[in-house]
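Have a look at the structure below, then the notes.
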Amino acid sequence: MKKWPIFIILTIGLFFGCSNNDNPPNPTTDELYFPPINSNAWETVSVSDLGWDASALQPLLDYLEEKNTKGFIMLYNGKIVVENYFNGHSATASWYWASAGKTLTSTVSGIAQEEGLININNKVSDYLGTGWTSAPLDKENLITCKNLLSMTSGLDDTLGDDVSPENLHYKADAGTRWAYHNVYVKMQDVVVAASNQTWNSYFNTKLRDKIGMTGLWTNLDNLNVYWSNTKSMARFGLMIYAKGKWENTQIVPESFLNEATTTSQNINQSYGYLWWLNGKSSFHLPQSQLQFNGTLIHYGPADMYAALGKNDQKIYVVPSKKLVVVRMGEVANPLNPTFGLSGFDDELWIKIDDLMD
């Protein structure tokens, strides 16, 4: 594969195309594997068993360590191929998901809808009552749960992270403007109101405990942020890769996940229900109303969808490659501390692609 100079990628800030690496199926790794719920045991498969280039593994690990990574896991069809911890981190240590945890809220919303507690097409005020924003009542009543999940609430995204009514001001009619906004956390309030449970209780019983995750929600900068070890992040990614199932149990409806991981509105093609989507012809970024032509992550596979968080928290799900890739850590490029997209994504996928050659 021809390697483009990384400075070009960082300079233009646009990502076009996709990875073309194809790997023949291996009969010893073809069956989808799930680790046991109440155990730290997790089956592995070696790079050599997959026919990958073992000489590219150490350069990948060196790069990850250099880029302030704490935990990194690659799953192939559910089995661990690579698991490493760096910079003083360990397998049992917790780290924050940041905005990568938005996908947890999306997933739980799908579970609540399947249980008949909510309908994402309903307006938010059906669950929270009126006055949950400072928008005029007729404008507030335009905002549906789906608008929260797709970042099209129409509320002003320039006023900071506070999601109290006093800070949620009308900017445009719901559905007419895409803007990355922390008002999505109101979906947690919707689930709480509809279920008559706390968010922690509903989340733990309906999702976390069913797939063997550990971790907890904490308040960080006035936001509800999830913390866990790296394997818990990988468990969630595996459940998503398995179309919402854990072994024979359907945790979240496959039909909802299909919606969540496809374009959710007609403004930002690369955004689903709190999931980022690769392989589309254009994308928008947070804090911008500009449209960029091309795909989100140049060297990432076209069918990849991702949970992306501040300081480069990542869950990449790639159905065509049978991959789930998780990265936790500090910001990879301190001079370019973006919300979750940076040259790091492309650099990392070049290294992964080299490994899978």
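Laboratory data are not the source of any read-out in this text; all were calculated from the coordinates shown. Keep in mind that what you see is a predicted model, and the values were worked out from it rather than measured. With ideal geometry, Cβ positions are generated from the backbone for all residues, glycine too; neighbour counts draw on all protein chains shown.
Here the extension length gained between N40 and L216 equals 61.6 nm, from 0.36 nm per residue of separation less the Cα-Cα distance. Measuring nothing but how far apart in sequence close Cα pairs (under 8 Å, 6+ apart) lie, relative to its length, the chain scores a relative contact order of 25 percent. Can you work out the FRET efficiency for the pair Y63 and N336, with r the C-beta to C-beta distance and R0 = 22 Å, to the nearest 0.05? That pair, Y63 with N336, gives E of 0.85. Remark on Y271: its backbone amide H falls under 5 Å from those of S264, L277, a criterion applied only to residues 5 or more positions apart or on other chains, H modelled at 1.01 Å from N. With q set to 0.14 Å⁻¹, the log10 of I(q)/I(0) for the chain, from the Debye formula over equal scatterers at the Cα positions, is -1.18.
For the range 150-210, list log₁₀ I(q)/I(0) at each q in 0.14, 0.23, 0.26, 0.30 Å⁻¹, using the Debye formula over Cα point scatterers of equal strength and ignoring solvent, two decimals each. At q = 0.14, 0.23, 0.26, 0.30 Å⁻¹ the computed log10 ratios are -0.49, -0.89, -0.99, -1.16. The separation of the range 302-327 from the range 224-248, counted between C-alpha centres, amounts to 12 Å. Here's the list of aspartates and glutamates a cross-link from K322 could span, going by alpha-carbon distance under 14 Å and ignoring same-chain residues fewer than 8 apart: D22, D30, E31, D303, D353. Its residue count N fixes a reference of 2.2 N^0.38 Å for the range 183-267, and the Cα radius of gyration divided by that reference is 1.17.
Distance between the pseudo-spin-label points of L223 and H169 (7 Å out from Cα toward the beta carbon): 2.1 nm. With one equal scatterer per alpha carbon and no solvent term, the Debye-computed log10 I(q)/I(0) for the range 37-124 at 0.13 1/Å reads -0.67. Suppose R0 equals 25 Å. What FRET efficiency, 1/(1 + (r/R0)^6) with r the Cβ-Cβ distance, do N122 and D209 give to the nearest 0.05? In this case the efficiency is close to 0.35. The aspartates and glutamates whose alpha-carbon is closer than 13 Å to the alpha-carbon of K314, local same-chain residues fewer than 8 away aside, are E330, D345, D346. All Cα-Cα distances of the range 88-219, cut into 5 Å bins from zero to the largest, leave 2, 10, 20, 22, 18, 13, 8, 4, 2, 1, 0 percent in each bin in turn. Spatially close Lys pairs in the range 64-203, defined by Cα atoms under 18 Å apart and a spacing of eight or more places or different chains, total 11. The per residue volume of the convex hull around the alpha-carbon atoms of the range 257-333 is 101 Å³.
Once both labels are positioned 7 Å from their Cα atoms along Cα-to-Cβ, the gap between D161 and S201 label points is 2.7 nm.
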